[in-house]
1. Quick one: what does P(r) look like for region 30-187 with 5 Å bins over all Cα pairs, in whole %?
2. Solvent-accessible area of E132, probe 1.4 Å, all protein chains present, reported in Å² to the nearest ten, please.
3. Could you sort T41, T118 by accessible area so the largest value comes first, with the probe set to 1.4 Å?
4. Taking the Kirkwood radius as the inverse of the mean 1/r across Cα pairs, report the Rg/Rh of region 75-120.
5. How much of L107 can a 1.4 Å solvent probe reach, expressed as accessible area in Å² and rounded to 10?
6. For every other residue with a beta carbon closer than 10 angstrom to the beta carbon of V54, add +1 if it is Lys or Arg and -1 if Asp or Glu, then tell me the sum.
Amino acid sequence: MLDHLTSWFNSHLSTAPNEPTARLRVDQAQTGFFEGREFRTFAEFDIPSGQSRVLRFASPVDFILFAQNLSIDQGAIRLSAITDGVSGGTWTALPVIGKNRMTSRRLYEGGYYQSKATLESGGTVTGGTVVEVVRVVAANSTAQQSTVGGSVADERGLPAGTYHLRLENISNGAAKGVYSLFWEERP
């Protein structure tokens, strides 16, 4: 009986049939990825000097923020993450794209998991608390101009709510680039 269990373990759950080097086989990927609960978005921007662009992320469920990336190829941007701010103005939807769109992802009752979060751009935010700042400056010399980026990739769990991201142009000319966001929903 023990030989049978050992054989089954080695063939199904072990990384190697040789017991001295055998380790328990584990998958390094996130469960949320395979269940289709990880998402991403992006916002390309061209912000005139002295102006800003506001993005709004609203989620009715808890979520894990995996990464934010800010890359610019012209100008300088200060990204401020704001909690408890008040939204105003007109907003335009940003794309919400599943990170796992394979047909083998988990099927829930009624189909694949659909993101509960909404992302929008174009409005305003007043008040609130700045909880994070990222600054990125591109090389301005024509001969040395290059794309530069800044990212925040420390995983953090956040409660359901509305969050604002202000992209402020802090350069003397236009600031051009892309902001990207990656998250997992935890309903």
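1. 2, 9, 17, 21, 19, 13, 9, 6, 3, 1, 0, 0
2. 40
3. Result, largest first: T118, T41.
4. With Rh from the inverse mean 1/r over Cα pairs, Rg/Rh is 1.12.
5. 110
6. +1
The values are calculated or read from the model by the stated rules, or taken from the named source; none is laboratory data. Just so you know, these numbers come straight off a predicted model, no measurement behind them. Cβ atoms come from the backbone with ideal geometry, glycine included; neighbour counts cover every protein chain shown. SASA here: full protein model, heavy atoms, side chains in, ligands and nucleic acids out. Shrake-Rupley method; radii C 1.70, N 1.55, O 1.52, S 1.80 Å.
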